[in-house]
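Let me begin by presenting the structure, written as structure tokens, before commenting on it.
The values are calculated or read from the model by the stated rules, or taken from the named source; none is laboratory data. Keep in mind it's a predicted model, so treat the numbers as computed, not measured. Neighbour counts are summed over all protein chains in view; Cβ atoms, including those assigned to glycine, are modelled from backbone coordinates with ideal geometry. Only protein heavy atoms, including side chains, enter the accessible area calculation; ligands, DNA and RNA are left aside. Shrake-Rupley method; radii C 1.70, N 1.55, O 1.52, S 1.80 Å.
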Amino acid sequence: MTRAELKKVLVVEKILDGRMTNAEGAATLGLSVRQMIRLKKKYVAEGGAQALAHRNRGRKPKHALSEEIKHQVVELYKTKYHGSNNCHFAELLEEHESLKLSPSSIRRMLLEKGIKQAKQRRRGKTHRPRERKPQAGMLWQMDATPYAWLEDRAPAFTLHAAIDDATGTVVGAVFRPTECREGYSLVMQQGIRKYGVPLGLYSDRHTIFRSPKEKLTVEQELAGETKPLSHFGKAMAELHIEHIQAVTPQAKGRVERLWKTFQDRLVIELRLLGVQTMEEANAVLPKLLEKHNRQFAIPPKEAESAYMKLDPSVHLNHVFTIREYRKLGHGNTLSYNGKVYTFAKPCDFRFEA
């Protein structure tokens, strides 16, 4: 018997012996007087202390999972879904195996077999998080992270992505061998074509986003010169997107937390799809982003969107190309990277200023 059941037996026996009243016994056990009288009658009618023991002790609950299902779940985790957290594993079992189980049930099954999650619990927040923007399209956060996305099936490569600050929607993503301007440009084009032009963009201070010569001398400032922009920065200026460069990773925490989610879930999703190369990963990435957004994106505080409609006359492929400006010299020639170029066919006109 449990400690609580033994306490009930002792109180009932004291009442039957006349050493305690029904009211005193009820107060001791935290029961009403009527409940106390029922316990006393049950003790007398059904043969003493055992009558007060819980009737379900030793019985298997009707809703208990069978040993066969438990064994199946553990084997699936070891062979097919290893590395997934309990919540993700429960989702995958329902999606692929038609097994609907709660994360807590799965956790108990795995712990019974000595299987613990390798992922550490998230540390407590050390700073107050910034509130989300109220409207979708007010701010995107952008970053890239290298990781073994295909585990040991291919070398590590880099995922570039952008997330809307107001809704948590991943607006675009692409895999590239390394962090590069082309990757960020493709992400921006994906998001702009699907959602529109955002008002602002939050990134880190990588030289892809800023020119290493952006600090002007006093003489240059007095002469009215403006800060030089990187090729990516020029594209942002042309699209009238305010480009904010974060000093610390915490400033763009939304996209930093996205990497934890992707490294936890995306790796397993790619494994289940049998993806073997970076090109194959890019092919299935749009569907995986849709699945992620359905589950994790939230409605904005304000229904009105802040996205700007892209001008039909603007060609994004041209906006995000590297453009260098040169002046035609004598003989309709221009120089670039130490080489001199001219028209393939001679021209009678002279274009130099």
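Here are the numbers:
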| read-out | value |
| --- | --- |
| Conditions (1) farther than 17 Å from A90 by Cα; (2) assigned to a helix (DSSP H, G or I); (3) open to solvent by 70 Å² or more (accessible area, probe 1.4 Å); number of the one not met by R294 | (1) |
| Segment 75-101 residues that are in contact (Cβ under 8 Å) with a residue 40 or more places away in the chain and assigned to a loop (DSSP other than H, G, I, E, B), paired with ones that are open to solvent by less than 50 Å² (accessible area, probe 1.4 Å) and basic (K, R) (beta carbon under 8 Å, 6 or more apart) | S84/R265 |
| From S185, S203, residue being among the polar types (S, T, N, Q) and closer than 16 Å to Q245 by Cα | S203 |
| The lone exception for L334 - which of (1) within 30 Å of L139 (Cβ to Cβ); (2) aliphatic (A, V, I, L, M); (3) free of Cβ contacts under 8 Å to residues at least 24 places away in the same chain; (4) open to solvent by less than 70 Å² (accessible area, probe 1.4 Å) it fails | (1) |
| Single condition V284 does not satisfy, out of (1) within 22 Å of A162 (Cα to Cα); (2) part of a strand (DSSP E or B) | (2) |
| Qualifying residues in segment 318-331 (those that are out of contact with any Leu (no Cβ under 9 Å at 6 or more places or on another chain) and over 23 Å from A235 (Cβ atoms)) - the one surrounded by the most Cβ atoms within 10 Å (Cβ to Cβ) | G329 |
| Criterion (of a type outside the set (S, T, N, Q) and modelled with pLDDT under 85) met by exactly one of V11, V44 | V44 |
| Considering residues of segment 211-260 that are assigned to a helix (DSSP H, G or I) and of a type in the set (V, I, T) only, the residue modelled with the lowest pLDDT | V218 |
| Helices (runs of 4 or more DSSP H) completely within segment 1-46 that count 2 or more residues being in contact with a Ser or Thr (Cβ under 9 Å, 6 or more places away or on another chain), among the charged types (D, E, K, R) and open to solvent by less than 80 Å² (accessible area, probe 1.4 Å) | none |
| Filter result for I208 (touching a Leu at 6+ places or on another chain (Cβ under 6 Å), at pLDDT 85 or above and either closer than 24 Å to L288 by Cα or assigned to a loop (DSSP other than H, G, I, E, B) (or both)) | no |
| Selected residue (criterion: surrounded by the fewest Cβ atoms within 10 Å (Cβ to Cβ)) from residues of segment 255-281 that are over 16 Å from A162 (Cα atoms) and either charged (D, E, K, R) or within 15 Å of the chain's Cα centre (by Cα) (or both) | E279 |
| Top-ranked residue in segment 156-190 [being in contact with a Lys or Arg (Cβ under 6 Å, 6 or more places away or on another chain) and of a type in the set (V, I, T); ranked as surrounded by the fewest Cβ atoms within 10 Å (Cβ to Cβ)] | T158 |
